[in-house]
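Structure record follows, encoded as structure tokens.
The values are calculated or read from the model by the stated rules, or taken from the named source; none is laboratory data. What you see is a predicted model; the values in this text were computed from it and never measured. Virtual Cβ from ideal backbone geometry, glycine too; neighbours counted across all protein chains shown.
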Amino acid sequence: MRIAIIGAGILGANLAYACARAGADVIVVDAAGPAAGATGRSFGWINASFFHDTAHFELRAAGIDAYRRLCRDLDLPVAWSGCLCWEEEGEALERQAKQLNDLGYSAEIISKSDVKRKEPHVVPPPQALSFRTEAAAEPGALTHMLLSASQAKRLMGCAVEGIETLNGQVTGVRVAGGVIEADRVIVAAGTHSPALLAPLGVELPMLHRPGVIFQTKPVPKILTHICVAPIGEFRQRPDGRIMMPTAVSHQSDSSDTLSDTPEGLAEAACARLQAVMPDVLLEWEEASLANRPVPKDGLPVLGACGVEGLFTAVMHSGITLAPVVARILAAEVTGAALSNAQAALVAPYRPDRFQAETPA
Ligand SMILES: Cc1cc2nc3c(=O)[nH]c(=O)nc-3n(C[C@H](O)[C@H](O)[C@H](O)COP(=O)(O)OP(=O)(O)OC[C@H]3O[C@@H](n4cnc5c(N)ncnc54)[C@H](O)[C@@H]3O)c2cc1C
């Protein structure tokens with residue numbers, strides 16, 4: 001079976017790996033290059049402590065499990081550092097811990113002195129939550145490694161202009177110079193996915209969610225965990241740079257415009273970061289702007305699209321979700337049966353929830 005995957009972000013790379021392992025002949029086509037979209041500008045936090053509802057929690061928790069499996073198979077740039085979170089305080093923090101513990105998630109309340117011991121260079125809050133099972137990925141490097149491990153063919157700098165069909169069945173993707181034939185096409189083009197699906201009558205309404213992330217110049221190793229504070233979320237990369245989205249609570253950020261230039265946002269966010277990490281001089285070095293791929297209801301969209309052989313996978317929190325989603329979608333695309341547990345995980349996220357009612 002020939003599968004063409006449009007998009008070489010974290011979704012496309014995981015799909016390439018999973019489909020190739022399922023025995024398919026895979027080609028990945030990207031208008032720019034690996035991780036050129038939201039993936040290369042992502043914070044890379046793998047977590048289930050943020051979620052919209054119980055089903056979304058279950059999918060995210062399965063996402064963490066899928067990373068553990070993937071990391072057993074491949075030597076990936078994923079640090080199982082755990083997360084310290086003090087976005088909330090007092091009773092709100094206790095409620096958050098209880099809610100997560102009731103779902104079976106590891107969330108332990110730790111004291112100010114525990115935070116001080118775990119992160120000696122951070123001004124400690126009165127209490128924090130410790131999420132032991134969470135991790136941080138280097139999204140760009142991870143994407144490159146998965147694409148390479150998939151051994152799929154890659155066409156980079158090559159925009160897909162359209163998806164070809166014959167008698168209601170996909171036959172390939174149209175690029176400069178002609179058509180790449182395929183039995184199945186998976187659209188994993190992030191914010192560009194709706195434009196590829198629309199000509200085939202598939203609706204995928206999206207929100208406009210610009211996000212800015214900055215990183216500092218490298219500093220000596222001073223942070224161990226992913227830290228989630230009222231001033232924002234920050235972590236130190238393996239190269240010593242500290243990174244932080246400029247929006248506080250960036251996972252639930254619902255702004256559709258930026259309140260300042262990316263430079264102004266980075267300046268302000270770096271000052272907030274410096275205030276909670278006074279021991280080392282922090283200077284921001286690079287700020288990046290990306291549109292997060294957020295479907296209209298905020299939830300993932302994945303699966304068959306109503307045209308024979310056409311599938312899609314578009315979502316925010318794609319770093320967390322890509323391995324679990326790719327494994328399930330690869331089974332569907334290649335015609336393997338899903339387990340009941342897999343089917344239940346993805347049932348709420350089908351593309352047909354956005355298709356207009358057929359007039360009577
Ligand atoms: C600031 C920020 C912080 C984030 N933090 C986190 C986090 O901590 N944890 C988390 O889980 N998620 C996070 N996310 C979300 C996550 O990064 C995205 O959900 C994920 O990267 C989406 O991956 P993707 O592969 O679907 O899309 P993308 O990475 O956007 O990839 C789409 C690819 O499709 C290509 N493409 C587009 N059109 C075409 C075409 N016509 N033909 C060929 N190729 C095409 C593009 O060039 C691009 O490479 C964050 C996002 C942002 C912006």
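So which residues in the range 297-313 are among the charged types (D, E, K, R) and within 14 Å of PRO348 (Cα to Cα), if there are any at all?
We begin by selecting, within the range 297-313, every residue among the charged types (D, E, K, R); these are 297, 308.
The one that is among the charged types (D, E, K, R) and within 14 Å of PRO348 (Cα to Cα): ASP297.
Listed residues GLU181, GLU161, GLU138, GLU203; which is of a type in the set (D, E, K, R), away from the ligand (no atom under 11 Å from the Cβ) and more than 22 Å from the chain's Cα centre (by Cα)?
Only one candidate qualifies: GLU181.
Just to be sure I understand, how many residues within the range 35-61 are near the ligand (Cβ under 6 Å from one of its atoms) and assigned to a strand (DSSP E or B)?
Restricting attention to the range 35-61, the residues satisfying the condition of being near the ligand (Cβ under 6 Å from one of its atoms) are 36-39, 41-45.
If we keep only those that are assigned to a strand (DSSP E or B) too, we end up with 45.
Adding up the residues that qualify gives 1.
Can you name the number of the only condition in (1) assigned to a helix (DSSP H, G or I); (2) assigned by TED's automatic domain parsing to the domain that holds ARG132; (3) touching a strand residue (DSSP E or B) at 6+ places or on another chain (Cβ under 6 Å) that ASN101 fails?
(3)
Every residue in the range 181-208 that is in a loop (DSSP other than H, G, I, E, B) and surrounded by fewer than 20 Cβ atoms within 10 Å (Cβ to Cβ), please. Don't jump to the end; show me each part of the working.
Pass one, the range 181-208, residues in a loop (DSSP other than H, G, I, E, B): 182-183, 188-189, 201-205, 208.
Passing the criteria: ASP183, GLY201, GLU203, PRO205, HIS208.
For the range 123-148, give me each residue that is farther than 28 Å from ASP65 by Cβ and either out of contact with any Phe, Trp or Tyr (no Cβ under 9 Å at 6 or more places or on another chain) or in the same structural domain as ALA20 (by TED's automatic domain parsing) (or both).
VAL123
Have a look at GLY37, GLY23 and point out the one that is under 16 Å from the mean Cα position of the chain (by Cα), closer than 27 Å to VAL160 by Cβ and in contact (Cβ under 8 Å) with a residue 40 or more places away in the chain. Don't jump to the end; show me each part of the working.
Working: GLY23 fails: under 16 Å from the mean Cα position of the chain (by Cα).
So the residue among GLY37, GLY23 that is under 16 Å from the mean Cα position of the chain (by Cα), closer than 27 Å to VAL160 by Cβ and in contact (Cβ under 8 Å) with a residue 40 or more places away in the chain is GLY37.
Surrounded by fewer than 24 Cβ atoms within 10 Å (Cβ to Cβ) and either at pLDDT 95 or above or closer than 20 Å to GLY172 by Cα (or both): does that describe ALA8?
no
Inside the range 289-320, can you point out the residues that are surrounded by 16 or more Cβ atoms within 10 Å (Cβ to Cβ) and over 22 Å from ARG184 (Cα atoms)?
Result: ALA290, ASN291, ARG292, PRO293, VAL294, PRO295, LEU299, HIS316, SER317, ILE319, THR320.
Please verify whether the range 104-122 includes one or more residues that are within 21 Å of HIS250 (Cα to Cα), without any contact (Cβ under 8 Å) to a residue 60 or more places away in the chain, in contact with a helix residue (DSSP H, G or I) (Cβ under 9 Å, 6 or more places away or on another chain) and not small (Gly, Ala, Ser).
If we filter the range 104-122 for residues that are within 21 Å of HIS250 (Cα to Cα), which is where we start, we get 107, 122.
Then drop every residue that is not without any contact (Cβ under 8 Å) to a residue 60 or more places away in the chain, which leaves 107.
Among the residues that remain, those that are also in contact with a helix residue (DSSP H, G or I) (Cβ under 9 Å, 6 or more places away or on another chain) are: 107.
Those still in the list that are not small (Gly, Ala, Ser) too: none.
No; the residues of the range 104-122 include none that is within 21 Å of HIS250 (Cα to Cα), without any contact (Cβ under 8 Å) to a residue 60 or more places away in the chain, in contact with a helix residue (DSSP H, G or I) (Cβ under 9 Å, 6 or more places away or on another chain) and not small (Gly, Ala, Ser).
Condition test on ALA16, is it more than 8 Å from the ligand (Cβ to nearest atom), surrounded by 16 or more Cβ atoms within 10 Å (Cβ to Cβ) and over 14 Å from the mean Cα position of the chain (by Cα)?
Values: more than 8 Å from the ligand (Cβ to nearest atom): yes; surrounded by 16 or more Cβ atoms within 10 Å (Cβ to Cβ): yes; over 14 Å from the mean Cα position of the chain (by Cα): yes.
So ALA16 passes the test.
Does ALA32 qualify as being in the same structural domain as ALA330 (by TED's automatic domain parsing), small (Gly, Ala, Ser), at pLDDT 95 or above and more than 8 Å from the ligand (Cβ to nearest atom)? Before the answer, list the steps.
Numbers: in the same structural domain as ALA330 (by TED's automatic domain parsing): yes; small (Gly, Ala, Ser): yes; at pLDDT 95 or above: yes; more than 8 Å from the ligand (Cβ to nearest atom): no.
It is false that ALA32 is in the same structural domain as ALA330 (by TED's automatic domain parsing), small (Gly, Ala, Ser), at pLDDT 95 or above and more than 8 Å from the ligand (Cβ to nearest atom).
I want to confirm something. Restricting to the range 106-135 and keeping residues that are acidic (Asp, Glu) and surrounded by fewer than 18 Cβ atoms within 10 Å (Cβ to Cβ), which single residue is nearest to the chain's Cα centre (by Cα)? Give the steps one after another, and end with the answer.
Within the range 106-135, the subset acidic (Asp, Glu) is 108, 114, 119, 134.
With surrounded by fewer than 18 Cβ atoms within 10 Å (Cβ to Cβ) added as a condition, the list becomes 108, 114.
Working: GLU108: 25, ASP114: 30 Å.
The residue in question is GLU108.
Name the residues in the range 75-88 that are surrounded by 14 or more Cβ atoms within 10 Å (Cβ to Cβ) and not in a strand (DSSP E or B), would you?
If we filter the range 75-88 for residues that are surrounded by 14 or more Cβ atoms within 10 Å (Cβ to Cβ), which is where we start, we get 76-88.
Those that are surrounded by 14 or more Cβ atoms within 10 Å (Cβ to Cβ) and not in a strand (DSSP E or B): LEU76, PRO77, TRP80, SER81, GLY82, TRP86, GLU87, GLU88.
Out of the range 212-261, which residues are more than 11 Å from the ligand (Cβ to nearest atom) and among the acidic types (Asp, Glu)?
ASP239, ASP256, ASP260
Step by step: first the residues of the range 209-222, then only those that are surrounded by 18 or more Cβ atoms within 10 Å (Cβ to Cβ) and assigned to a loop (DSSP other than H, G, I, E, B), then the one that is farthest from the chain's Cα centre (by Cα). Which residue is that? Break it down stepwise before answering.
Here is the first cut: in the range 209-222, the residues surrounded by 18 or more Cβ atoms within 10 Å (Cβ to Cβ) are 209, 211-216, 219.
Still in the list and also assigned to a loop (DSSP other than H, G, I, E, B): 209, 219.
Working: ARG209: 14, VAL219: 26 Å.
Once the filter is applied, the top-ranked residue is VAL219.
Right, ALA326: under 22 Å from GLY9 (Cβ atoms), in contact with a Ser or Thr (Cβ under 9 Å, 6 or more places away or on another chain) and crowded, with 22+ Cβ neighbours inside 10 Å or not?
Numbers: under 22 Å from GLY9 (Cβ atoms): yes; in contact with a Ser or Thr (Cβ under 9 Å, 6 or more places away or on another chain): no; crowded, with 22+ Cβ neighbours inside 10 Å: yes.
The answer is no for ALA326.
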